[in-house]
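> Provided herewith is a single structure, encoded as structure tokens, for subsequent inquiry.
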Amino acid sequence: MINIVVFNWNYGRFLSCLLNKMIPIFNDERFRIFICDDGSTDNSLEIIKKYIVDYSLNNLIIVESEIINLGRDKPFLGQIENLNKVIKDYRVDKDDYYWLMDADDYFDFSLVDSDFYQKITSKMITFTKVKNISDSGESYLKIKRNVLDSKSVFPTISVTSSIIFSGNFLSLYYDEIFTEKFNDLWLDSRINMLACLLSKENVAYINEYICRVIHADNDSGNMSLSRFVRKQIVAYRYFKYINKGRIMMHPRMLFISVMSKCLNV
């Protein structure tokens, strides 16, 4: 089974597009859809519940926050906490797969066939391609360095919605995924870096793509230079942590190491 875990906070304006694209897998026993609503104050829940009623859905589950979210001090924790809630509240099977998805992205599920299903379930982790969708048009997001390129530098981080991983991967790296030691390190970054620890036969990049909607609320678009530098330093420390403290003999990693000492981050 593939568990699609959708992260949503006040993205009601994008949900209909996402859910309409999911219609081909509604009530498909190979899929469960979890929509994790992180305390939205907009009409998100009304939209989701209407789809459940209109399509008599038995494979869409709302994971709803008990508190209203007016803005987290640490926004990156929303995805991490909600994924952990899905794992704890629902049976985790090592034969299951998990497809992370942001509510403002979408995938054309009419493309899902036996060949696509086989691609995903034959690997521990799979990355789709990414197409950016904006008012100015469409463009592919280029991954300059994938998880198989080097064991000495962390990869170009692919976006949350392009990541599909197995229950085995989740069990193997549970502690590393959910550690609270690293501030502002998003879930997609953690999983991308952990995938570097796998062997090549356990990782796949496929040609199918998810669509990433570019808008004013995208976290990466609002990032200051100082935050970008600090995030690079935190990513370096996390990569070193999951590699058991090994010194990374790569120019980029050595440069970030020096920066972390100079900035005392």
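The values are calculated or read from the model by the stated rules, or taken from the named source; none is laboratory data. Given the structure is predicted, the values throughout are model-derived calculations rather than measurements. A quick note on method: Cβ atoms are made from the backbone with ideal geometry, for glycine too, and the neighbour counts reach across all protein chains shown. Quick note on the areas: whole protein, heavy atoms, side chains included, nothing else; ligands and nucleic acids left out. Shrake-Rupley method; radii C 1.70, N 1.55, O 1.52, S 1.80 Å.
> Cβ contacts < 9 Å: first residue more than 10 Å from Ile256 (Cα to Cα) and in contact (Cβ under 8 Å) with a residue 24 or more places away in the chain, restricted to the range 228-244; second residue in a helix (DSSP H, G or I) and among the hydroxyl-bearing types (Ser, Thr, Tyr), any location; separation 6+ or different chain. Result?
Lys231/Ser189; Tyr238/Ser189
> I'm trying to understand the selection: among the residues of the range 13-58, which are of a type in the set (Val, Ile, Thr), in contact with a strand residue (DSSP E or B) (Cβ under 9 Å, 6 or more places away or on another chain) and either open to solvent by 10 Å² or more (accessible area, probe 1.4 Å) or touching a residue at least 60 places away in the same chain (Cβ under 8 Å) (or both)?
Passing the criteria: Ile25, Ile35, Ile52.
> Looking only at residues that are of a type in the set (Gly, Ala, Ser) and assigned to a loop (DSSP other than H, G, I, E, B) in the range 152-166, which one is surrounded by the fewest Cβ atoms within 10 Å (Cβ to Cβ)?
Ranking the candidates gives Ser152 first.
> May I ask you to verify whether Asp149 is in contact (Cβ under 8 Å) with a residue 12 or more places away in the chain, among the acidic types (Asp, Glu) and open to solvent by 10 Å² or more (accessible area, probe 1.4 Å)?
no
> Run Lys94 past the list (1) surrounded by 13 or more Cβ atoms within 10 Å (Cβ to Cβ); (2) touching a residue at least 40 places away in the same chain (Cβ under 8 Å) and report the number of the one that doesn't hold.
Result: Lys94 passes all but (1).
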